[in-house]
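**Q** One structure follows; several queries about it will come next.
No value in this document is a laboratory result; all are computed from the given coordinates. Nothing here was measured: the structure is a model prediction, and the numbers come from that model. Ideal geometry is used to build each Cβ from the backbone, glycine not excepted, and the neighbour counts take in all protein chains shown.
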Amino acid sequence: MLTSLRDHLTSPAIRTDGLSRQFGAVCALDGLSLEIPRGIIFGFLGPNGSGKTTTIRLLLGLLEATSGSAEVLGYDTRTDATAIRERSGALLEHCGLYERLNAADNLDLYGRFWQISRDHRRARIRELLSHLDLWERRDEMVAGWSRGMKQKLAIARALLHRPELVFLDEPTAGLDPIAAVTLRDDLSRLTAREGVTVFLTTHNLAEAERLCALVGVVHNGKLKVVAPPAQLNAMSETPRVEIIGAGLTEAMMEMLRAHRGVVSARADGRCLIIDLKHAADVSSVVAALVSLGYHLETVRNSAGSLEDVFHSLVEAQR
């Protein structure tokens, strides 16, 4: 029995081997083999319809695999789905909130579902709502809240019973940029504090780059690559240069966009970020800028973005 408990504690949070799911003629997930260590935020990236939500449902034992196998927290999804769900939290397509209840009562209701004692329930509710800046609004009806506030409360719901693993299915989808950034910051702080493993699906590349220690890219049900974001960034085949200077004009931007060696160019304050067709093109680009009166200060090479890699992987499959 001690050996079995030790195996559960030391096993990866998630391990899959050739996991597949067919819906009639459609293959939603095709041979997923993956290992995710405990205690990290794992980002599962892919466009809509790529198999992300299907993967979560398979891992929670809500769907039966067509072939292959999966273990979650050391438990087999085919035989131990109840044990997996007891030890996991989930925020899927719907936030799971009762809009005619206030925030505190929503969490209290779920706390009773999880059979948490009243004193522990109250302490946990205050703890989570305080860390999400919702404590002062705990008595407000959820129906009147913004989508961003509801998503925060839904994350509190998923963490209420102190799960070992949390599944978040595109938690910032549909939020305005400010609400999305706020929710990401709250999520990062909370997960670090709680010490949970997070399986985060998203098609927001900046979100994955900011939050995740490890990223997997899936497209048309097939896993394309798994690596830390920095390693994926280094895979970018597009040379990038950052140019700091002064005197940038719209005419200079038009010249850059028309330049034969430039793939794309954008300005971020005093920094010009330019993607090139070839690394050797940088000298001609710099010369063209200076000839138009640009006051050059520094030029440095920069790693490509996760977005570059993602699109190159998707385009390669197409």
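**Q** Pick from Val198, Val285, Val72: which is most flexible by mean-square fluctuation in a GNM of the chain where alpha carbon atoms under 10 Å apart are linked?
**A** It is Val285.
**Q** Ignoring everything except DSSP H segments at least 4 long, calculate the 222 nm mean residue ellipticity for the chain; use -39,500 (n - 2.57) per segment, divide by total residues, nearest 500.
**A** Computed mean residue ellipticity for the chain: -11500 deg cm²/dmol.
**Q** Only Lys, Arg, Asp and Glu count, each charged at its Cβ (+1, +1, -1, -1), so figure out the dipole size of the chain about its Cα centre, rounded to 20 debye.
**A** About 540 debye.
**Q** With both partners inside the chain, how many of the DSSP beta bridges are antiparallel, as a percent to the nearest 5?
**A** 70
**Q** At a 10 Å Cβ-Cβ cut-off, how would you order Cys212, Cys27, fewest neighbours first?
**A** Going from sparsest to densest Cβ surroundings: Cys27, Cys212.
**Q** Can I ask one more? Starting from the 7 Å offset along Cα-to-Cβ, what nm value, one decimal, do you get for the label separation of Ser117 and Ser188?
**A** Each label point lies 7 Å from its Cα, and together they span 3.7 nm.
**Q** Compute the length gained on full extension between His295 and Ile273: take 0.36 nm times their separation in residues and subtract their Cα-Cα distance, giving the result in nm to one decimal.
**A** 6.4 nm
**Q** While we're looking at this one, here's another question. Report P(r) for the stretch 166-244: all Cα-Cα distances, bin width 10 Å, range 0 to the bin holding the largest distance, values in whole percent.
**A** With 10 Å bins starting at 0, P(r) equals 14, 45, 31, 9, 0.
**Q** Among the DSSP beta bridges whose two residues both lie in the stretch 110-265, what percent are antiparallel, rounded to the nearest 5?
**A** Here the antiparallel bridges make up roughly 50 percent for the stretch 110-265.
**Q** Something else: Connecting C-alpha atoms closer than 10 Å in a GNM of the chain, tell me which of Met253, Met141, Met149 has the biggest fluctuation.
**A** Met253
**Q** For the chain, modelled as a Gaussian network with Cα springs under 10 Å, which listed residue fluctuates most, Thr249, Thr82, Thr201?
**A** It is Thr249.
**Q** Determine the distance separating the Cα centre of the stretch 252-275 from the Cα centre of the stretch 56-112; give it in Å without decimals.
**A** Cα centroid of the stretch 252-275 versus Cα centroid of the stretch 56-112: 47 Å apart.
**Q** Full-extension gain between Ala25 and Lys222, please, as 0.36 nm times their residue separation minus the C-alpha to C-alpha distance.
**A** 69.3 nm
**Q** Moving on. Across every pair of different alpha-carbon atoms, what Kirkwood hydrodynamic radius in Å does the chain reach?
**A** Result for the chain stands at 22.0 Å.
**Q** Now a separate question. Under 5 Å between amide H atoms, partner at least 5 residues away or on a different chain: which partners does Ser264 have, H built in plane at 1.01 Å?
**A** Here Asp275 satisfy the definition.
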